[in-house]
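Okay, structure first, notes after.
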Amino acid sequence: MQPIYLDYNASTPIDPAVAAAMRPFLEGHYGNPSSGHWAATRAKAALETARGQVAALLGCHADEVVFTSGGSEANNLALKGAFFALRDKGDHVITARIEHPAIVEPCHFLERLGARVTYLPVDGTGRLDPDDLRKAITSRTVLVSIMHANNEVGTIQPIEDCARIAREREVLFHTDAAQSIGKIATRVNELGIDLLSVAGHKAYAPKGVGALFVRRGVSIEPLIHGAGHEGGRRAGTESALLAVALGKACELARDLAAMDRVGVLRDRFWQGLQQQFGDGVVLNGHSTHRLPNTLNVSFVGRIGAQILARLDGVAASTGSACHSGRIELSPVLQAMGVTPHVGMGAIRFSLGRSTTRDQIDAALERLTNVLAVAG
Ligand SMILES: Cc1ncc(COP(=O)(O)O)c(C=O)c1O
């Protein structure tokens, strides 16, 4: 039985073009990009080309791109960096209840340091109401961080509206775009944001690399102090190898045409599930404001983890986790008000560039068999 990978929101394979771009840096070009001699030249040039490729995807200046170790570090740098830099101005941060732990945990950390954090609610589709943001901003608010698209259900937030509200009140706006790069447009000026996080391994680059867009004029306190790498915003000798990978991945991510095909396959899967299971299956997330590759569905009255365990060779994720012997709904589904009866049966299928129609049809058939056996 062929394995079927439907967990692209967890991680993507390295694109062959990305691997090819990395190869010369595995085998040579070992110089430190900051050195002043011949061995540095190639590494330094590659680093700056890669920075330009990330900037081209985001529609920003190259000097607004800071390389990081991934999405988590980019989020930590944005939240803590802005909070520490603006301590004299205020102590209030606003985020949402459906954020990734790489936002929630830095917020909890800042709360331990005395920050006040407002967690905005979302509706049943996982979307927040920009008016709630408007009401939550105070004269002490220093930063708003709202994710672009949710990793579990794929719901896309009204970022442009939220960013406009923050800008009117002269509050910095950050968005975690780890899940949206290469799936939907992520141009910073169209979104109107000041800070944006990128995670390489969600977009066909390797794990361990990411970036933070920091708008010119926005100052953040670095998390890692040292020599003045990355414009003084993140110390540590840059890895040309990983930067080149992210740069190439971002170049590929500019072409969103593949996502049209992925969206068609995702919808085929959903229609097939509805035909097979009728009212026994429900969609979690927004029907239209949703990533084209993401399908989070609940098999009503069932346990998603048990279905997945029997779904031989199909890699996907559940919306619930087992804590001390009890199955608990994910915080995202809880925030959306999904009932345990529905939410326990949640499975996230996320498709990618290499997903084929045959794989979708085979996954549907395996699901039908597993659920038929389970009665
Ligand atoms: C929305 C979101 N933000 C941040 C991250 C963390 O990114 P990384 O794994 O590169 O640290 C993830 C990864 O799961 C994510 O889905």
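Restricting to region 360-375, give me the number of residues that are open to solvent by less than 70 Å² (accessible area, probe 1.4 Å) and either over 15 Å from Val314 (Cα atoms) or hydrophobic (A, V, I, L, M, F, W, C) (or both). Matching residues across region 360-375 total 8. Looking across region 192-206 at every residue that is open to solvent by 10 Å² or more (accessible area, probe 1.4 Å) and away from the ligand (no atom under 11 Å from the Cβ), the one that is farthest from Phe84 (Cα to Cα) is identified as Tyr204.
Scan region 82-93 and give yes if some residue there is within 12 Å of the ligand (Cβ to nearest atom), on the phi < 0 side of the Ramachandran plot and not small (Gly, Ala, Ser), otherwise no. Walk me through it before giving the result.
Of the residues in region 82-93, the ones within 12 Å of the ligand (Cβ to nearest atom) are none.
No, region 82-93 contains no residue that is within 12 Å of the ligand (Cβ to nearest atom), on the phi < 0 side of the Ramachandran plot and not small (Gly, Ala, Ser).
Only residues that are farther than 24 Å from Arg254 by Cβ and either aromatic (Phe, Trp, Tyr) or more than 11 Å from the ligand (Cβ to nearest atom) (or both): list them for region 147-156, please. So that I can check it myself, show each step before the final result.
Start the filter on region 147-156 by keeping residues that are farther than 24 Å from Arg254 by Cβ, which leaves 152-153.
Answer for region 147-156, where residues must be farther than 24 Å from Arg254 by Cβ and either aromatic (Phe, Trp, Tyr) or more than 11 Å from the ligand (Cβ to nearest atom) (or both): just Val153.
Looking across region 34-76, the residues that are open to solvent by less than 10 Å² (accessible area, probe 1.4 Å), in contact with a Pro (Cβ under 8 Å, 6 or more places away or on another chain) and within 25 Å of Gly217 (Cα to Cα) come down to Leu47, Asn75. Just wondering, is there one or more residues in region 77-85 that are touching a Cys at 6+ places or on another chain (Cβ under 9 Å), open to solvent by 30 Å² or more (accessible area, probe 1.4 Å) and either assigned to a strand (DSSP E or B) or closer than 27 Å to Arg290 by Cβ (or both)? No: region 77-85 contains no residue that is touching a Cys at 6+ places or on another chain (Cβ under 9 Å), open to solvent by 30 Å² or more (accessible area, probe 1.4 Å) and either assigned to a strand (DSSP E or B) or closer than 27 Å to Arg290 by Cβ (or both).
Determine whether region 110-118 contains at least one residue that is open to solvent by 10 Å² or more (accessible area, probe 1.4 Å) and within 16 Å of the ligand (Cβ to nearest atom). Checking region 110-118: not a single residue is open to solvent by 10 Å² or more (accessible area, probe 1.4 Å) and within 16 Å of the ligand (Cβ to nearest atom). Being touching a residue at least 40 places away in the same chain (Cβ under 8 Å), within 24 Å of Gln2 (Cβ to Cβ) and open to solvent by 40 Å² or more (accessible area, probe 1.4 Å) is a property that holds for Arg357. With the structure loaded, tell me whether Asp260 is touching a Leu at 6+ places or on another chain (Cβ under 9 Å), surrounded by fewer than 24 Cβ atoms within 10 Å (Cβ to Cβ) and part of a helix (DSSP H, G or I) or whether it fails that test. Answer is no for this residue. Residues in region 121-137 include none that are farther than 28 Å from His286 by Cα and at pLDDT 95 or above. Under the condition of being under 22 Å from the mean Cα position of the chain (by Cα) and either in a helix (DSSP H, G or I) or not small (Gly, Ala, Ser) (or both), the residues counted in region 42-62 number 12. Taken over region 268-281, the criterion of being within 20 Å of Thr125 (Cβ to Cβ) and open to solvent by 50 Å² or more (accessible area, probe 1.4 Å) is satisfied by Gln271, Gln274, Asp279.
Residues in region 187-221 that are farther than 19 Å from Ala243 by Cα and hydroxyl-bearing (Ser, Thr, Tyr): Ser219 only.
Working only within region 181-191, note down all residues that are in a loop (DSSP other than H, G, I, E, B) and open to solvent by less than 10 Å² (accessible area, probe 1.4 Å). Spell out how you get there, then give the answer.
First pass over region 181-191, keeping only residues in a loop (DSSP other than H, G, I, E, B): 181-187.
Once the filter is applied, which keeps residues that are in a loop (DSSP other than H, G, I, E, B) and open to solvent by less than 10 Å² (accessible area, probe 1.4 Å), region 181-191 yields Ile181, Thr186.
Checked against the criterion of being at pLDDT 95 or above, within 22 Å of Ala258 (Cβ to Cβ) and in a helix (DSSP H, G or I), region 272-292 has at least one qualifying residue. If I filter region 228-255 down to residues being within 20 Å of Asn76 (Cα to Cα) and hydrophobic (A, V, I, L, M, F, W, C), which single residue comes out as surrounded by the most Cβ atoms within 10 Å (Cβ to Cβ)? The qualifying residue surrounded by the most Cβ atoms within 10 Å (Cβ to Cβ) is Leu246.
Matching residues to (1) under 18 Å from the mean Cα position of the chain (by Cα); (2) more than 21 Å from Pro13 (Cα to Cα); (3) within 16 Å of the ligand (Cβ to nearest atom); (4) of a type outside the set (Gly, Ala, Ser):
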site: Pro158; (1), (2), (3), (4): yes, yes, no, yes
site: Glu170; (1), (2), (3), (4): no, yes, no, yes
site: Gln179; (1), (2), (3), (4): yes, no, yes, yes
site: Arg187; (1), (2), (3), (4): yes, yes, no, yes
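Test Ala21 against the criterion of being under 24 Å from Gly352 (Cβ atoms), in contact with a Lys or Arg (Cβ under 6 Å, 6 or more places away or on another chain) and open to solvent by 20 Å² or more (accessible area, probe 1.4 Å), and give yes or no.
Working: under 24 Å from Gly352 (Cβ atoms): yes; in contact with a Lys or Arg (Cβ under 6 Å, 6 or more places away or on another chain): yes; open to solvent by 20 Å² or more (accessible area, probe 1.4 Å): yes.
Here the answer is yes, as Ala21 does meet what is asked.
Gly31 meets the conditions (1) in a loop (DSSP other than H, G, I, E, B); (2) open to solvent by less than 30 Å² (accessible area, probe 1.4 Å); (3) in contact (Cβ under 8 Å) with a residue 60 or more places away in the chain in every case but one. The failed one is (3).
The values are calculated or read from the model by the stated rules, or taken from the named source; none is laboratory data. All figures in this text were calculated on a predicted structure; none of them were measured in a lab. Note that each Cβ is placed from the backbone with ideal geometry, even for glycine, and that neighbours are counted across all protein chains shown. For the accessible areas, the whole protein counts, side chains as well, though only heavy atoms, and no ligand, DNA or RNA atoms are used. Shrake-Rupley method; radii C 1.70, N 1.55, O 1.52, S 1.80 Å.
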